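All remarks here apply to the structure that follows.
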Amino acid sequence: MKIKQELLQAFLDKYGITAAMLAREIGVDEREIQTLLDGGAVNEATARKFIYYFGADEAVKMIDWAALGKEIPNIGKR
């Protein structure tokens, strides 16, 4: 999974937390959050924890679907 780094950084800035603090909250290694902030991809286990932490509605906005070569899913839209 890759995310839009600017959105994750905006979240960290808004709440005044660090990558290390977020990593502890999510239950992943700090390097995983730093990888996301650097524009890299993380594994499925980290992606699942990220989505669980933020919730599907927020996570879908943060995921960089274009970088993954996928279309944005229509979650909850009819």
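The values are calculated or read from the model by the stated rules, or taken from the named source; none is laboratory data. Nothing here was measured: the structure is a model prediction, and the numbers come from that model. Glycine gets a Cβ as well: all are built from the backbone with ideal geometry, and neighbour counts include every protein chain shown. Just the protein is used for accessible areas: all its heavy atoms, side chains included, with ligands, DNA and RNA removed. Shrake-Rupley method; radii C 1.70, N 1.55, O 1.52, S 1.80 Å.
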So which of THR35, THR18 is within 16 Å of TYR53 (Cα to Cα), without any contact (Cβ under 8 Å) to a residue 24 or more places away in the chain and among the polar types (S, T, N, Q)?
-> THR18
Is there a residue in segment 69-78 that is open to solvent by 50 Å² or more (accessible area, probe 1.4 Å) and either at positive phi or modelled with pLDDT of 95 or more (or both)?
-> yes
Residues being part of a loop (DSSP other than H, G, I, E, B) and open to solvent by less than 30 Å² (accessible area, probe 1.4 Å) - total across segment 29-55 = 4
Given (1) closer than 14 Å to LYS4 by Cβ; (2) without any contact (Cβ under 8 Å) to a residue 40 or more places away in the chain; (3) open to solvent by less than 30 Å² (accessible area, probe 1.4 Å), index of the condition ILE26 fails = (1)
Residue that is in contact with a helix residue (DSSP H, G or I) (Cβ under 7 Å, 6 or more places away or on another chain), in a helix (DSSP H, G or I) and not polar (S, T, N, Q), where the choices are GLU25, GLU71, GLU58 | GLU25
Could you run through segment 1-19 and say how many residues are surrounded by fewer than 13 Cβ atoms within 10 Å (Cβ to Cβ) and either part of a helix (DSSP H, G or I) or at positive phi (or both)?
-> 6
